[in-house]
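Asker: Sharing a structure below in structure tokens format, with a few things to ask.
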Amino acid sequence: MITANTQCDHLRHNRRTFLNHSAVGLGTIALASLATGENKLRGSETGHISPPPFQPKAKRVIYLFQSGGPSQLDLFDYKPDLQKRFGEEVPTSIYPAERKTTMTSGQKSFPVAPTTLKFAQHGQAGTWFSAPQRHVAKMADDICVVKSMYTEAINHDPAATLFQTGSVNPGRPSMGAWVSYGLGSENHNLPAFVAMTSNGRAKAGQPLYDRLWGAGFLPGHFQGVKFRGQGDPILDLYNPNGVTQAQRRRMLDSLRKLNAQQAEKFRDPAILTRIAQYELAFRMQMSVPELINIKSETQSTLDMYGSQVNQVGSYAYNCLLARRLAERGVRFIQLYHRGWDAHGNAPTQVPTQCADTDQPTAALLQDLKQRGMLDDTLVIWGGEFGRTVYCQGKLTKTTYGRDHHPSCFSYWLAGGGVRGGMSYGKTDDYSVSVVENPVHVHDLQATILNQLGMDHEQLTFRYQGRYFRLTDIHGKVVHDILS
């Protein structure tokens, strides 16, 4: 018989042996979140997990990652004085050559490209939003816009990897995996960490690799479960024709006995993982069909999310599914929406992206709020970096492109103990550098963990002779934006 103590002993003998390939079939899905005995498995590792030093403000996170680099100048960081500088060269003292990417460093001219989008102030604090964000702007009093984010990475993949894992180098655990490792699961029948992807109408966008929601060197059962964007969100969700639930249960019981015998013989923790894997898969066959049945939602709720809400794999559908996952106890819900890579026609592309994301994002906030869930759900919106003030390519009165810009960009947070109705941080007159209250990627990560009741310096895991953490050796909690 395999006991909890035996499981821990096996893990100590071979900690590194676990499945590390992401998939979406039920045969491998349960590996991503072992609900049964998860705390025992986590306790058997050599990480340092301290009890929460205070009552957490957030129970869960919904991270709306906007892949491609949303332009802060066209969304949040309003610079009306730039209109008078249209077409002027950005001074090299403001934007030196070494800060430009190879895509634009060879340009002979770097003209100022003011936004063509109209801005207005919203909410009691007068937070600036551009016109294409008319729905999100209505939630201004619940939102904290951080205008002073910055990062070191200037290319998409390392920049996205840094936000998701705390390192520009692939192979580290994702933030959701760290949260799952630190807090475990609230729902016996669903994963602790779920990832979903969607594509904007503007363009296909940058590739999204499974390692962005992977477990890295953490045990494999902490990796995120990716829900598919077409058909059934999980393959093999339903029993084959002619196979009843009772037959499936008998088969799993027999398989469990055989696997237990092999585990006793070979002392391989992957076999123990496989046992729990099949069990969660069995439970998910009962829980997931109810989860994805959005026909149970009222028509007014569906209308709130917009016309694309019934399209499986759309951003609107994923936002609604995020709320349904949140109310069922899923700890970390990650949405990736592609298409913000506006190197060419930003005046057209940014509004098109907002047409996909604005209404569903606002609906998610409103839906959580009216259900009394926003107070303990931390919602985060933002991408891997921002966009340049100078034009990439030819500048006209109606057309401009923007290159990558890591030195300042905007994020926003809502709920989960964050102060709503405020803007934090400030950039210079060109939106090139942070001049007040800089917030690094690791600061954001430290703040997220803090709101979940975890000290980012204490949430560690020993690997290859040293203790690792999400924030590496950096990061500080941004207390100014917390209530």
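The values are calculated or read from the model by the stated rules, or taken from the named source; none is laboratory data. The shown structure was predicted, so the numbers you read here are calculated from the model rather than taken from an experiment. So basically every Cβ, Gly included, is an ideal-geometry build from the backbone, and we count neighbours across all protein chains shown.
Asker: Taking only region 92-126 into account, find how many residues are part of a loop (DSSP other than H, G, I, E, B) and over 23 Å from GLU152 (Cα atoms).
Answerer: Step one: of region 92-126, the residues part of a loop (DSSP other than H, G, I, E, B) are 92-96, 100-110, 113-118, 123-126.
Next, only the ones that are over 23 Å from GLU152 (Cα atoms) stay: 108-109, 113-118, 123-126.
Number satisfying all stated conditions: 12.
Asker: Follow-up question, since we're still on this one. Taking the conditions exactly as written (outside any strand (DSSP E or B) and crowded, with 22+ Cβ neighbours inside 10 Å), does PRO191 satisfy them or not?
Answerer: yes
Asker: Taking the condition assigned by TED's automatic domain parsing to the domain that holds THR447 and modelled with pLDDT of 95 or more, does GLN334 pass?
Answerer: yes
Asker: Determine the pairs where a residue that is more than 30 Å from ASP268 (Cβ to Cβ), located within region 220-234, has a partner that is at pLDDT below 80 and of a type outside the set (A, V, I, L, M) with Cβ atoms under 9 Å apart, the partner being 6 or more residues away or on another chain.
Answerer: ASP232/TYR238
Asker: For region 175-193: of the residues being over 14 Å from LYS59 (Cα atoms) and out of contact with any Phe, Trp or Tyr (no Cβ under 6 Å at 6 or more places or on another chain), which is modelled with the lowest pLDDT?
Answerer: Filtering region 175-193 for residues that are over 14 Å from LYS59 (Cα atoms) and out of contact with any Phe, Trp or Tyr (no Cβ under 6 Å at 6 or more places or on another chain), the one modelled with the lowest pLDDT comes out as HIS188.
Asker: Tell me the strands (runs of 3 or more DSSP E) entirely within region 405-480 that contain at least 3 residues that are touching a Cys at 6+ places or on another chain (Cβ under 9 Å), in contact (Cβ under 8 Å) with a residue 60 or more places away in the chain and of a type in the set (A, V, I, L, M). So that I can check it myself, show each step before the final result.
Answerer: Details: elements: 409-414, 422-424, 434-436, 460-463, 466-469.
Result: empty, no element qualifies.
Asker: With the condition kept exactly as written, say whether any residue in region 218-235 is part of a loop (DSSP other than H, G, I, E, B), out of contact with any strand residue (DSSP E or B) (no Cβ under 8 Å at 6 or more places or on another chain) and among the hydrophobic types (A, V, I, L, M, F, W, C). So that I can check it myself, show each step before the final result.
Answerer: If we filter region 218-235 for residues that are part of a loop (DSSP other than H, G, I, E, B), which is where we start, we get 218-219, 223-224, 228-234.
Imposing the further condition that a residue be out of contact with any strand residue (DSSP E or B) (no Cβ under 8 Å at 6 or more places or on another chain) reduces the set to 219, 230-232.
When the remaining residues are screened for being among the hydrophobic types (A, V, I, L, M, F, W, C), the result is none.
No.
Asker: Of (1) over 28 Å from GLY306 (Cβ atoms); (2) surrounded by fewer than 24 Cβ atoms within 10 Å (Cβ to Cβ), VAL441 satisfies all except one. Which?
Answerer: VAL441 satisfies every listed condition except (2).
Asker: Output the residues belonging to region 53-111 that are within 30 Å of the chain's Cα centre (by Cα) and of a type in the set (A, V, I, L, M, F, W, C).
Answerer: The answer is PHE54, ALA58, VAL61, ILE62, LEU64, PHE65, LEU73, LEU75, PHE76, MET103.
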